[in-house]
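J.: Can you keep this structure in mind? I'll have questions shortly.
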Amino acid sequence: MNQEIYEELLFARTLITDTKEFLDTKDKILKENLMKRKTDIAYLTDLFTKFNMVNLQLQGDSLNLIKTKSILSAFLVRVKPMKQNIGRGEFSQFPNLSQTSCQEDDVSTYVQHLNALHSDFESRFEDILTMVIPPWIINPYGDIGETNVIIQEELTELSTNEELKVQFKNGYQQFWLQNNIPVTYPVLWNIARKFLISFPSSYLVERRFSAVTNLLTKTRNRLDIISRGDLKLTLTKLTPSFSLKILTYCLCYFIYSLFYSDQ
């Protein structure tokens, strides 16, 4: 939805900057309305550019609650200097707005809007922003600082495991998702999995809708993509465990049986 609004704002921005003479002869009322809202369109175009950047960061199969909190917190931190800068007439963070003649009333409106945006983000994502993440999930080999005795015991045992320490170089998410972690450290895993397994954005759902749209077209609208396995095959990231040599052998055998089976 944000992408659609962003594209419409860019289109309106293009109309203002590139088609003034065309609108003079085609639709003067549209031109007047666009020129009247020129600064508003520029401001919203810049703002939705920032929204899109956040939206892109909230995509991907590796997204988890820890990354989501970091992304949202970083955006909220950036909003504060944004409204301070725009309030004193510094528009470097809003490149399209900087090219317009922004009046004091417009600046006041944008500052109020950014204040409301900051408050709305805080209330809308309160559960994620106030979420307490145990530091040992991100760095299990740092200072423990844990009061729970059972957790202390497993963390101490984990810190002496040199084999697992090597795997930590691949990142904390890959570290905790190893097959032996739930068995060897069940208490730690029971806590860590809540932050790592759940997907906090709609990216995975949207990806599946896109896959269905690509598979089911007007000419292929009767495909049973679920029972046939087409959808699962499209979405899976598992790669076949066949070597090139085995595949070549199977292909040669198939061709041989196809042409020489009757001889």
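J.: Using the Cα atoms of the range 135-196, I'd like the radius of gyration and the largest Cα-Cα distance, Dmax, both in angstrom.
T.: When restricted to Cα atoms, the range 135-196 yields Rg and Dmax of 10.5, 28 Å.
J.: Right, here's the next one. Quick one: if you stick a label point 7 Å off each Cα along the C-beta vector at Val77 and Val205, how many nm between them?
T.: Spacing of the two 7 Å Cα→Cβ label points: 3.0 nm.
J.: Starting from the Cα of Glu122, step 7 Å toward the Cβ, then list every residue of the range 65-92 with an amide N under 14 Å from that point.
T.: Label zone hits: 73, 76-81.
J.: Same structure, new question: What FRET efficiency do you get for Met53 and Cys250 if R0 is 51 Å and r is their Cβ-Cβ distance, rounded to the nearest 0.05?
T.: My answer for the efficiency is 0.65.
J.: While we're here: In whole percent, what relative contact order does the range 133-211 give with Cα contacts below 8 Å and a gap of six or more residues?
T.: 24 percent
Values quoted throughout were computed directly from the atomic coordinates according to the rules given, and no laboratory measurement underlies them. Quick caveat: nothing in here was measured; it's all calculated off a predicted structure. Cβ sites come from the backbone with ideal geometry, for glycine too, and all protein chains shown count toward neighbours.
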